[in-house]
Structures are given as structure tokens and as C-alpha cells.
Amino acid sequence: MAKKIMVVDDDPIIVKYIVRIAQDNGYETCSANDGIEAYTRLQEEKPDLITLDLQMTEEWGPQFYRRLAKEEEYKHIPIIVISGLASRHLSIRKAVAYLAKPFDPVELITIIQKTIGK
Amino acid sequence: MNPQILLVDDEDGIRKVLGIFLSDSGYDVLTAENGEKALEICREYQPPIVLSDIKMPGMDGIELLKRIKKLYPETEVIMISAHGDIELAIQSLKYEAADFVLKPIQNDSLEVALKRATEKILTRQKLKDYTENLERLVKEKSEKLVETERLAAQRYQQLFDEVPCYISVIDKSMKLTAVNRRFKEDFGDAMGSYCYAVYKNRTSPCSNCPVQLTFEDTQSHYSEAVVTSKTGEAHIVLVWTAPICDHHGTPIQVMEMATDVTQVRKLQNHLSSLGLLLGSVSHNIKGLLTGLDGGMYSLTSGFAKKNEELLKEGFETVKIIVSRLRKMVLDILYYAKERELQWEKVDVLAFAEELAAIIEPKLSVHGVGFITCFDSSVGTVEFDAGAVHSALLNILENALDACLEDKNKPDHHILFSVKQDENHLIFEIQDNGIGMDKETTDKLFTLFFSSKGQKGTGLGLFIADTIIRQHSGIILVESSKGIGTTFHVKLPNARC
């Protein structure tokens, strides 16, 4: 069964972009526009990996990550941070990778494949 | 000149002998053979010393003494008395004779009597001099003192008035009890008014009021505030307070000094918001580039798969990104540099209709009604269409935000009208949104002031105001909290 990736970003254009990259490489996808929406969808979607933007209007990335890390069920989901913020955000220490926008799609796919397999 | 002495005796011989003695003793001697003559001489010469026999025919010596003392109280009279008249001599002392000498006259005793009389005169003269001197001195000194005090008071008033900041003295009820000239110039003669009403148009004291803190702890406090002058101009002021205490050390009033730092803050804000702007611009650009990558990715896959849907999607994405980029660049341009106005003759009606066509879809998405009311006779007016367009659009977008914020009314609408008076072209934008209190209204055009929290940058209305001012126009705002807001944008209808 294909692995599922959840794309969290408040810019619908960027969501669409990452979703397309993932789908073109054989992954299933789901998406959310902010941390709150992402959290409510975790239960039904059960993603294998999450790409997370940091600066979002409703609930910003690190806050979502802290909630995630508290839950036994979700805390092992690997996270790839994709952000325009200049510095790596310290509160997301356990992210498998940080990609700065604009990112290289090949690099993203390589990391995803390394983390959860093809 | 020798001192004068009047010698009164009916006996010619005595007058002669005594006269010689007195002359030898250094007196200028006048003589009289009776009382009447003596008074005549006194009237004419007023001699300081009179030497008079007691027993004389006609007016006797005692009577003469009385009259002289009455007319010339400072004249000293020495009486000459025979041994048998000792009682009369003693009586003469009662009538303020200086002394008496007994006949036959001993030179020694006469000298002593004369000396005593002279000393008495001198002492009196000295005393008189002293008294007069003292009076003069006291008068001079007190005049000097009054003058000094007046100068000091004047000096303090001058200092109070000329200090290049606003000084006010505030009592416990927060009323102004004294203000300096600068204060009066910018805020009116507001003695007796509440300071928060004068400074901020408020009906209750401000939170974190430094004056109240000073009343509480008798310490000096500091704060920064935006205040509004009587002409409606916003000033950013640094405020220091100092207690004015009674002799128990209890503060009865507080002095407040406020320095206008509007210009400094404007520059600082300009710089710091420029920094923030740069940060947000670079962040935005990263997002835009990522979006552009997304569009290119779709286009590339579209070409590779010959999939028209993907091509269309990629192209739409690129279009959106380009329009976002354009808006961002325009925002930066308006902010970064006061751009030269590009005056052009504008068909106002077409201009307003174009603006309405842009904003209407945004409003209808959110269910906000849009009513336009254009005076068709406005004709053409010269202004920078691009700049005024962006100023009005900003106000229209604010009106939309105000409607969306308001959760109390069932329906919202925005009225956009264009009219004119004799000298102005007037755009009016009226909403029934959330409205603002007076304090917020006053600060509205302050750089970096935003009533929208995180959502606002505090740039929009500042830029709108700058643009309209560049046209020698003005933006007036009326607003009531909970009811709505009306913006009047007035542009001169002839270029000046």
C-alpha cells in the first residue's frame, strides 16, 4: 500500500505543488492549511510523514509540532520542515530535515524516500 | 561757619561781656534786649542755641522759653538765673530748657551748659540722620527685594513657558492646574480640564498613567504616548512625571513634562518598519519563488505528459504569483520612497467606476453589500490616478475588514460615493462595520499604528494619508464604536 504524506502549508499554491511532487512519485497525499486543521485530520488520514510550514496564520508550525509530540500515537511521525524562515526553529528538534523555500523537489523526494521508503 | 547763638538779656552790660565771651568761644552771637526782639530774631535766623535771662521786663525768660519751644522745638534754650530765682530756674527745666547757669556767670559752668546743649543738638541731628538713613535704606532694600522677587517670578514663568516641551501640573482628580505656553499653543488653555480629555479625547484615565503611578509611590515615572493636539494632529510624546509634595512628603500634585518625539519616532519607525518590511519581503519572496516553482513544475509535467489541464493549472499559478509580486513591489515602492506624483487629467466618473468594479467582487464574496452614488457632473480633475486609486482601495479594503470584524449586525454594506463642493472633489466611503473609538480614530494615520493586531502592518492608512496630503488634500474620519465609520477624502479640484 502506498505511503501517505500530509502537506501542511497556508499557501494553497505551495500545497498543490508539494502534493503534486509526492503524487508523481507514487505517494498518497492529504493536506491542511494550518496546524489546527492538520491536527483534526490526523486521526482519519494517519499519514506516514508530514511536511510542515512554520509561519502560518492560524496555528503556526512549532505549536502544532508540540501538540503532536505529546501524543503517543503521533509522536513518531517523521516531519520535514519546509519554511521560508531564515533560522532553523529550535522547537522542532526532531524533524528529519529542514528545507528552505524555495526548495529543490529532487532533494525533497530523496529525503522522503530515505525516511519512509518508496 | 560758626554756630549761631542768641543772647537775650535786658542788661546792656551783661550782653556785652557775655557776648565777647561767646564770640571768643567760637559762636556767631546775636543779641536781643527783650523777649519780643528775641522771637523776631528767632523767626529770622532760627539759632540753634538761645541763652536767656529769666527775669526781664515785659515777656520774661520762662514765657520766651515756652514760645521758642513751641515754635522751634529743636532750639536749645539755656536759662540765666539769679541765685534767688533758683526755683524759677528749676521750673524752666520743666519747660524743656536745656540747662541753667547762675549769676554771676562762671565761665566754666557756662561752657559745660553750652557743651551739653551742643551735644544734645548733635545727638538729635545724628539720630535724625540715622532715622532718615534707615528709612531710606529700608525703602531701598525692600524695593530691591520686590524687584528681585518680581524678576525671579518672571524668570521662572519665562522658563516654564519657554522650555521646549509641554509642561502641565495635574492634581489628584487628574485635572490640569497649570500649563505652559507650549502646551497652550498645541492643546489650548485647558486649565481645569481632565488631562486625559485634553491629551487623548478620552472620558476616563488612561491605563498605566504615569501621573497616577507618581501619586501612588512619589517616584518619577516615564512613558510614551500618542496624544492629539487641538488641531487634530497626532504627536508622539515622551512623558516624565515628578511629584509636587506638601511638607509631609505627600504628593498633592504631579508635574508632567512631555517632549514631542514625533519626528524622531517617524524616522525610527521608518527604519524599523523598513527592517521589518525587508524581513517580510524576503520571506514573501521565498514563498513566491516556491509557488513559482510549483507553477513551473505543473507546466513541465503538463508539457511532458501533453496534459492540457496541467498546463492550464501551471499557467494559472504563475499568473497568481505574478499578481502577488506586483502588489508587493507596489507596496514597497510607496513605502520606501515618496514617489513623485504623476499628475494627469482624470475622468472622475470612469475612475470611480473602475475602482468599484475592483472592490465589488471582494465584497460580494463575503456577503457585504455595495452601494455606489456618483455625482455624474464631476467631470475631469487633475490628480495622480494610480496613487489616489491605491489610497482609496486601501480605505475600501479597511471598510471591508471593519464589516467582517463586526459580529453584531445581521447585514453589512459599504457606501461609496463621489461628489463635489466648490473647491473639492470628495470621495466618501461609509461602512456599518465595527467602528472605532475617538482614541483609535485619532491615531489612525500614525505610521505603524494598526487596529487590526497581527493582520495589519500599520502602513496602509499612513500611505493613503501621505498620498492625499501630497495632493494638498485631506482625509477626514467620523466613526462611532459599534455603529460604523465614514472616510471623507477631499482633493482640491484645481491643481495648486
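Each reported figure results from applying straightforward, stated rules to the coordinates on display, with no laboratory input. A quick note: this is a predicted structure, and the numbers were derived from the prediction, not measured. As a convention, Cβ positions derive from the backbone with ideal geometry for all residues, glycine included, and neighbour counts pool all protein chains shown.
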What angle, in degrees between 0 and 90 and rounded to the nearest 10, separates the Cα long axis of helix B:308-336 from the longest principal axis of the Cα atoms of chain B? 10
Mind listing which GluC sites (Glu not before Pro) in the range B:325-402 are in a DSSP loop and have 12 or fewer other Cβ atoms within 10 Å? B:GLU338, B:GLU340
List the extent of the Cα atoms of the range B:344-492 along each of their three principal axes, largest first, rounded to whole Å. 41, 31, 24
What longest range of chain A stays clear of loop-exposed GluC sites (Glu not before Pro) (DSSP non-H/G/I/E/B, at most 14 other C-beta within 10 angstrom)? A:1-57
Projected convex hull area of the range B:1-110, Cα atoms, direction-averaged, in nm², equals 6.2
Evaluate the charge dipole of chain A about its Cα centre and quote only its size in Debye, nearest 20, assuming +1 on the Cβ of each Lys and Arg and -1 on the Cβ of each Asp and Glu. 480
Dipole-positive endmost among B:GLN106, B:THR75, B:SER25 within the range B:4-127 (Cβ charges, Cα centre): B:THR75
Quick one: Debye curve from the C-alpha atoms of the range B:125-211, no solvent, what's log10 I(q)/I(0) at q = 0.14 Å⁻¹? -0.63
Any idea how far apart A:ARG67 and B:ARG43 come out in nm if each label point goes 7 Å out from Cα toward Cβ? 12.6
Chain A: Rg to Rh, with Rh as the Kirkwood radius over Cα pairs: 0.91
B:THR250-B:ASN208 FRET efficiency (beta carbon distance; Förster radius 22 Å; 0.05 resolution): 0.45
Each residue of A:95-108 has, on average, a number of other protein chain C-beta atoms within 10 Å of its C-beta equal to 2
Please identify the trypsin sites (Lys or Arg not before Pro) of the range B:216-318 that satisfy two criteria: DSSP loop assignment and at most 16 other Cβ atoms within 10 Å. Which are they? B:LYS230, B:LYS306
Just the Kirkwood number for the range B:293-400, please: inverse of mean 1/r across all distinct Cα pairs, in Å, one decimal. 16.9
If each residue of separation counts as 0.36 nm, what is the full-extension length gain between B:LYS312 and B:GLU111 once their alpha-carbon separation is subtracted? 58.0 nm
Where q = 0.11 Å⁻¹, what log10 of I(q)/I(0) comes from the Debye formula for the range B:166-260, counting one point per Cα? -0.27
Quick one: Kirkwood hydrodynamic radius for the protein assembly as shown, alpha-carbon pairs, angstrom, one decimal? 34.5
Under Stokes-Einstein, the range B:73-184 at 37 °C and 0.692 mPa s, with its Kirkwood radius over C-alpha pairs, diffuses with a coefficient in µm²/s of 162
How much FRET efficiency would the formula 1/(1 + (r/R0)^6) give for B:VAL17 and B:GLU143, where r is the Cβ-Cβ distance and R0 is 56 Å, rounded to 0.05? 0.50
Pairs of lysine residues in the range B:344-492 - Cα separation under 23 Å, sequence separation of 8 or more or cross-chain: 25
Multiply the residue gap between B:ALA152 and B:ASP129 by 0.36 nm, knock off their C-alpha separation, and tell me the result in nm, one decimal place. 4.9 nm
Quick query: amide H of B:ARG202 versus all other amide H atoms, modeled in the peptide plane; which residues come in under 5 Å with a sequence gap of 5 or more or a different chain? B:ALA197
How high is the FRET efficiency from B:VAL365 to B:SER193, r the C-beta distance, R0 56 Å, rounded to 0.05? 0.75
Charge dipole (debye, nearest 20) of the protein assembly as shown; +1 at Cβ of Lys and Arg, -1 at Cβ of Asp and Glu: 2460
A:ARG93 versus B:LEU159: modelled label distance in nm, points set 7 Å from Cα along the beta carbon direction: 6.0
Interchain or long-range residues, amide H under 5 Å from A:THR29's placed H: A:ILE5
Which value, in Å to one decimal place, does the Kirkwood hydrodynamic radius take for chain B when every pair of different Cα atoms is included? 32.4
Helix B:12-24 versus the longest principal axis of chain B: what angle, 0 to 90°, nearest 10, using Cα atoms? 50
With +1 on each Lys and Arg Cβ and -1 on each Asp and Glu Cβ, and nothing else charged, work out how big the dipole of the range B:330-404 is about its Cα centre, in Debye to the nearest 20. 160
Karplus-derived 3J(HN,Hα) from phi for the range B:340-345 (6.51 cos²θ - 1.76 cosθ + 1.60, θ = phi - 60°), whole Hz, x at Gly and Pro, runs 5, 6, 10, 5, 8, 7
Cα-based helix-to-principal-axis angle, B:385-405 vs chain B, degrees rounded to 10: 90
In nm, the gap between the two label points placed 7 Å beyond Cα toward Cβ at B:LYS481 and A:ARG41 is 4.0
